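*Asks:* This is the structure, below, for whatever I ask next.
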């Protein structure tokens, strides 16, 4: 009799755990994350120059990290929308202002997708070569974007472990932050103007750490969003 009760309890617990897991997966499946790999096409972004015998462009690093992040999110059950998946811009050759057209189309894709959140992946640069570490930016009036920016930055600090003391910063001038209908965060993964950090940012191992930090930040945000 005791064996029968124990067996029933085990089966019940197993069924409950499977149902709970299914519920979590379904909830995640309802969430759409838009990933915007910054730059592309004619717009290479910042270049750190030659590293290990080859010339690097920011747009390459942005796309590489974005594709790693997409894989992590999809494995976790999220729906993912990409503004670009190859080295291309979102402009037409006949556009008089390709940069403006590109930005407008990126925001348009994000807004039309109905994404719950969006992350735009970039690499930073500054005149002082000593500047380093990831940064995140959000629109000042969006409390949800602020929380997402803080969560992502905190998790990147943990996965990278570089002693970064930066805080998430508000910005009201960036076009994508101003015009996105969902909480959008710009993630500056590091400074390509810092040669030592640039040497890390071009490696698959470091890109994996950055993508993992962004992923964990998104997970943390969805586990406790602002209402």
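Since every read-out is calculated from the coordinates, none of them should be taken as a lab result. Small disclaimer: the values here were computed from a predicted structure and weren't measured. So basically every Cβ, Gly included, is an ideal-geometry build from the backbone, and we count neighbours across all protein chains shown.
*Asks:* For the chain, take the longest principal axis of its alpha carbons; what is the angle in degrees between that and the long axis of helix 2-29, to the nearest 10 within 0 to 90?
*Replies:* 20
*Asks:* For a quick check, take a GNM of the chain with Cα springs below 10 Å and name the residue from 52, 36, 87 with the largest mean-square fluctuation.
*Replies:* 52
*Asks:* With springs only between Cα atoms under 10 Å, which of 48, 183, 37 fluctuates most in a Gaussian network model of the chain?
*Replies:* Greatest mean-square fluctuation among the candidates belongs to 48.
*Asks:* If you don't mind, another one. Taking 0.36 nm per residue of separation and subtracting the Cα-Cα distance, what length does fully extending residue 128 through residue 208 add?
*Replies:* Values: separation 80, 0.36 × 80 = 28.80 nm, distance 2.64 nm.
Using 0.36 nm per residue and subtracting the Cα-Cα distance, I get 26.2 nm.
*Asks:* Quick check: residue separation of residue 42 and residue 67 times 0.36 nm, minus the Cα distance between them. What number comes out in nm?
*Replies:* Numbers: separation 25, 0.36 × 25 = 9.00 nm, distance 2.01 nm.
That pair, residue 42 and residue 67, stretches by 7.0 nm at full extension.
*Asks:* While we're looking at this one, here's another question. Could you give me D for segment 151-227, from Stokes-Einstein at 4 °C and 1.567 mPa s, where the hydrodynamic radius is the Kirkwood radius over C-alpha pairs? Units µm² s⁻¹, please.
*Replies:* Values: Rh = 13.8 Å.
In µm²/s, the coefficient rounds to 94.
*Asks:* Could you work out which residue, out of 54, 100, 84, moves most in a Gaussian network model of the chain, that is, has the largest mean-square fluctuation with Cα springs under 10 Å?
*Replies:* Checking each option, the largest mean-square fluctuation is seen for 54.
*Asks:* Next question. Between helix 58-75 and the chain, what is the angle of the helix's C-alpha long axis to the longest principal axis, kept within 0 to 90° and rounded to the nearest 10?
*Replies:* 10
*Asks:* Under a crude label model (7 Å from the Cα following the beta-carbon direction), how far is residue 75 from residue 158 in nanometres?
*Replies:* For the pair residue 75/residue 158, the computed spacing is 1.7 nm.
*Asks:* Here's a follow-up. Helix-derived [θ] at 222 nm for the chain: sum -39500 (n - 2.57) over DSSP H runs of at least 4, divide by residue count, nearest 500?
*Replies:* Values: 7 runs with 112 residues, N = 227.
Taken over the chain, the calculation gives -16500 deg cm²/dmol.
*Asks:* If I model a spin label at residue 96 and residue 169 as a point 7 Å from the Cα along the Cα→Cβ vector, what separation in nanometres do I get?
*Replies:* Each label point lies 7 Å from its Cα, and together they span 3.3 nm.
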